[in-house]
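Participant: Before I ask anything, let me first share the structure, which is written out below as structure tokens.
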Amino acid sequence: MNLETHALSLVRDGKILLADISLAFSQGEFNAILGPNGSGKSTLLRLLAGIWLPTSGSITWKGLSLKNLPRKELSRAITLVPQSAPITFNYLVEDVVAMGRYSYEPHYWNSIDSPLLEEALQAVDAWHLRHRKINELSYGERQRVYIARALMTESPIMLLDEPTAGLDIRHQIEIMALLQRLIAKGKIVIMTTHDLAIAERYSTQVTFLKQGRCLGSGPLETLMTEETIADLYDMGKASLKENICFR
Amino acid sequence: MIKPAASSLKPFLIFALILTSLGTLLYGATPWNQVWTSALERLQGISDAWNPLLDERLPRLVVILCTGASLAVSGAVMQALFNNALASPNVLGISCGGSLCVVIVFVLGLHEQYPFVIPAAAFTGSLATLLFVYSLSRNNGSMELNTLILTGIAVSTLLISIQAATMYALRDHWMLIQSLTEWEAGSTCDRSWRHVHMQLPLTLIGLSGCWHYRGEIDLLALGEEEARNLGVEVEQVRWRLFLCVALLTGGALAAVGLIAFFGLVLPHLVRYIQGPSNRQLITLCIVTGALSFSLMDLLLRFFEVHALSIGNVSAILGGIFFIILLRRSRSSYVEKAA
């Protein structure tokens, strides 16, 4: 039941955004993708979600290629929680969350009064925001709403692009605890993050990306060391020691 | 501000639409008793004389309702599809493309022998321009929102210039120029069943398509990537909606002519009243578009404004609203930057 990438590459405008990425994400693991800005973390998530197509290589889940899967089926299997940005049309929160059911029912609005929607919003502590407009929320509140929308898809694979960015410490911990519960229930969770403390505290598997290439992927304990982090972010070890505490 | 639910608004709007429709049918120079009697005689086969109700007011009403609904819905769909509040068939030059093709049909004299070439040309021109503007605005597989409006303005300016040059070259053919000027001004006068036949099928298909995809339109308004993420077959749905918009724009062009800014303004007014949800917006745009257009036509007839066509009035009112909208969006950008 692994999600696997095989020699995944993406070239746009002659620029290599991702090169030869072969990874395996397993159930029961909390996967974190780390890397400096522009390393290709968000791009990799877009490829995994099928939003962008790779130039070469493939993605398989349960041994089957995702390439020719109908869009709705793919959406029921893999969902991406994007970095939350304001949208052009200022929908109500309950509308945005209900849109997560589109892949099951094109008339997604029938889910607005469903227990599933309440459960999803309660899970991210956003039930009280349901009648608010999405653009009136803070970045962190919007982030929680998008996670609730991803819960509505009931997909076994959840991808999150910097899910804790903009969240206060309480909500960071709550979201991480929620993701841990989802993993315990059998979901594959893959998140990108710039927060080394979050990655070290919660993830069990880490993947390092730099300039579109994979520097390493494996268990947190063996891979996340001062040397690898210094190499990943092009920092001196002294500077790293001064600013970041490792276990 | 608490917005009224669309469900509570619809009965009121439908009632108002029925009233204005009745006004269009009842109001006219010929006394109603006389109109009604001769209409009954026609329907019973006693007489086949020309009747103001059956031969003028009824087709005019159908054309007006179709045009109002078509323009409002096509504007709403384009704003959602292009994720841009300033998009509309007119602003993006789509109407100009359809219009140029109709002008070519007039110049070649095809419209007299084959009247159905007009809607075909209007549809083809609208669709071709839509695809052209869309492809020019895309960069690297994603839509450049700021580029879209500028591309639309550039393309429409080019098309208007070609049209103006064509008309200048033909300035000595005064009968042709007169019919083109009347058509360009967007008029609802002297509409007949021929116009209904040209427009109604296009409108029905276009409106049905947009209404069918109202849920997808909601998701597409989040942006292409988000729509794809949530399960929308973006390319397939977008292509079908492009066809629907071209059918609606082409139908309105064929039957009435150029109506500027109506498609831009109406969706904004409806959003202001009931909120941004497109699934309700499409339905409400059908009703409010038809209502506003028929009301505008009725008022022009009632006050006997002969100097201006409905297209002129729509362009003037819509232009003022467009300026207000631009100022509002500019001030919101300033707020964001600050």
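Participant: Under the definition of Cα pairs under 8 Å and six or more residues apart, what whole-number percent is the relative contact order of the stretch A:3-243?
Facilitator: Contact order relative to length: 27 percent.
Participant: Now for a separate question. So what is log10(I(q)/I(0)) for the stretch B:188-306 at q = 0.20 1/Å, when the Debye sum runs over its Cα atoms only?
Facilitator: Values returned for q = 0.20 Å⁻¹ are -1.21.
Participant: Which of A:Gly35, B:Gly125, B:His197 sits closest to the plus end of the dipole of the protein assembly as shown, meaning its Cα is farthest towards the positive end, when Lys and Arg get +1 and Asp and Glu get -1 on the C-beta?
Facilitator: Farthest towards the positive end: A:Gly35.
Participant: About its Cα centre, how strong a charge dipole does the protein assembly as shown have in debye, to the nearest 20, once Lys and Arg get +1 and Asp and Glu get -1 at the Cβ?
Facilitator: For the protein assembly as shown, the charge dipole is close to 200 debye.
Participant: Same structure, new question: Residue by residue through A:84-92, how many Cβ atoms from other chains fall within 10 Å of the Cβ on average?
Facilitator: 5
Participant: Pull up the cross-link candidates among the aspartates and glutamates for A:Lys62, meaning alpha carbon to alpha carbon under 15 Å and not fewer than 8 places away within one chain.
Facilitator: The qualifying aspartates and glutamates are A:Glu4, A:Glu73.
Participant: Normalised by the residues of chain B, what does the relative contact order come to in percent, with Cα pairs under 8 Å and at least six apart?
Facilitator: It rounds to 30 percent for chain B.
Participant: Mind checking the mean number of beta-carbon atoms from other chains within 10 Å of the Cβ atoms in B:275-288?
Facilitator: Mean partner shielding for this stretch: 2.
Participant: Please give the charge dipole size of chain A, origin at the Cα centre, charges +1 on K and R Cβ atoms and -1 on D and E Cβ atoms. Round to the nearest 20 debye.
Facilitator: Dipole size: approximately 480 debye.
Participant: So if R0 is 41 Å, what FRET efficiency would B:Ile162 and B:Ile46 give, r being the distance between their Cβ atoms, rounded to the nearest 0.05?
Facilitator: 0.20
Participant: Taking θ as phi - 60°, what are the ³J(HN,Hα) couplings along the stretch B:75-84 by the Karplus curve (6.51, -1.76, 1.60), each to the nearest whole Hz, with x for Gly and Pro?
Facilitator: Per residue, the Karplus-derived 3J(HN,Hα) values read x, 4, 5, 5, 4, 6, 4, 8, 6, 9 Hz.
Participant: While we're here: Cβ neighbours within 10 Å, averaged per peptide: list B:72-82, A:208-218, B:263-273 in order, most packed at the top.
Facilitator: Highest to lowest by the protection proxy: B:72-82, B:263-273, A:208-218.
Participant: Would you mind telling me which residue in A:Thr164, A:Thr204, A:Thr193 has the biggest mean-square fluctuation in a Gaussian network model of chain A, where springs connect alpha carbons within a distance under 10 angstrom?
Facilitator: Evaluated over chain A, the most mobile residue of the options is A:Thr204.
Participant: Can you bin every Cα-Cα distance in the stretch B:250-322 into 10 Å intervals starting at zero and give me the percent of pairs per bin, rounded to whole numbers?
Facilitator: Values per bin, smallest distances first: 18, 48, 29, 4.
Participant: Taking chain B as a Gaussian network, Cα atoms linked when under 10 Å apart, which of B:Gly93, B:Gly311, B:Gly23 shows the biggest mean-square fluctuation?
Facilitator: Result for chain B, Cα springs under 10 Å: B:Gly23 fluctuates most.
Participant: Packing-wise, with mean Cβ within 10 Å as the measure, how do B:160-171, B:57-68 rank, highest first?
Facilitator: Result, highest mean first: B:57-68, B:160-171.
Participant: Using only the Cα atoms of the stretch A:33-78, what are the Rg and Dmax in Å?
Facilitator: 11.6, 33
Participant: Considering only the stretch A:3-243, what is the antiparallel percent among its DSSP beta bridges, to the nearest 5?
Facilitator: Around 55 percent of the beta bridges assigned by DSSP in the stretch A:3-243 are antiparallel ones.
Participant: Averaged across orientations, what area in nm² does the convex hull of the alpha carbons in the stretch A:70-212 project?
Facilitator: Approximately 9.3 nm², given one-decimal rounding.
Participant: Using alpha carbon coordinates only, what is the Rg to Rh ratio of the stretch B:66-112, with Rh defined as the Kirkwood radius?
Facilitator: Taking Rg over the Kirkwood Rh, I get 1.13.
Participant: Still on this structure, I have one more. With +1 on the Cβ of every Lys and Arg and -1 on the Cβ of every Asp and Glu, and nothing else charged, how large is the dipole of the stretch A:147-247 about its Cα centre, in debye rounded to the nearest 20?
Facilitator: 300
Participant: Any chance you could list the semi-axes, whole Å, largest first, of the equivalent ellipsoid that the Cα gyration tensor gives for chain A, using √(5λ)?
Facilitator: Square roots of five times the eigenvalues give 30, 22, 16 Å.
Participant: Okay, next question. Step through the table entries A:Lys15/A:Lys241; A:Lys210/A:Lys237; A:Lys67/A:Lys185; A:Lys72/A:Lys187, compare each Cα-Cα distance with 23 Å, and write down the pairs that go over it.
Facilitator: A:Lys15/A:Lys241; A:Lys67/A:Lys185
Participant: On the first, second and third principal axes, largest extent first, how far apart are the outermost C-alpha atoms of chain B in Å?
Facilitator: 69, 53, 35
Participant: When a/c reaches 1.5 or more, the comparison of a/b and b/c decides; with that in mind, is the stretch B:121-230 rounded, prolate or oblate per its Cα gyration tensor?
Facilitator: oblate
Participant: Over every pair of different alpha-carbon atoms in the stretch A:125-182, take the mean of 1/r and invert it; report that Kirkwood radius in Å.
Facilitator: That comes to 11.9 Å for the stretch A:125-182.
Participant: What percent do you get for the relative contact order of the stretch A:105-247 when only Cα pairs under 8 Å and 6+ apart count?
Facilitator: Here the relative contact order equals 15 percent.
Participant: Seen from all sides and averaged, what is the projected area of the convex hull of the Cα atoms in the protein assembly as shown, in nm²?
Facilitator: Convex hull of Cα atoms, orientation-averaged projection: 31.6 nm².
Participant: How well do other chains shield peptide B:229-242, expressed as the mean number of their Cβ atoms within 10 Å of each residue Cβ?
Facilitator: 5
Participant: Using the Karplus curve 6.51 cos²θ - 1.76 cosθ + 1.60 with θ = phi - 60°, what ³J(HN,Hα) values do you get for each residue of the stretch A:93-103, in whole Hz, with x for Gly and Pro?
Facilitator: Each residue of the stretch A:93-103 in turn: 4, 4, 5, 4, 5, 4, 4, x, 8, 3, 5 Hz.
Participant: Compute the long axis of helix B:145-169 from its Cα atoms, compare it with the longest principal axis of the Cα atoms of chain B, and write down the angle in degrees, 0 to 90, nearest 10.
Facilitator: Roughly 40 degrees between the two axes.
Participant: Please find, in a Gaussian network model of chain A (springs between Cα atoms separated by less than 10 Å), the residue of A:Ser56, A:Ser75, A:Ser22 whose mean-square fluctuation is greatest.
Facilitator: For chain A, modelled as a Gaussian network with Cα springs under 10 Å, the answer is A:Ser56.
Participant: Could you work out [θ]222 nm for chain B from helices alone, using -39500 (n - 2.57) per DSSP H run of at least four and dividing by all its residues? Round to the nearest 500 deg cm²/dmol.
Facilitator: -25500 deg cm²/dmol
Participant: Apply 1/(1 + (r/R0)^6) to the Cβ-Cβ distance of B:Asp190 and A:Asp113, taking R0 = 45 Å, and write down the FRET efficiency to the nearest 0.05.
Facilitator: Taking R0 as 45 Å, the efficiency between B:Asp190 and A:Asp113 is 0.30.
Participant: Something else now. Go through B:Phe262, B:Gln44, B:Ser99 and say which Cα lies farthest out towards the positive end of the charge dipole of chain B; charges sit on Cβ, +1 for Lys and Arg, -1 for Asp and Glu.
Facilitator: B:Phe262
Each value in this text was obtained by applying a stated rule to the coordinates, not by laboratory testing. No experiment lies behind these values; they were computed from the predicted model shown. Ideal geometry is used to build each Cβ from the backbone, glycine not excepted, and the neighbour counts take in all protein chains shown.
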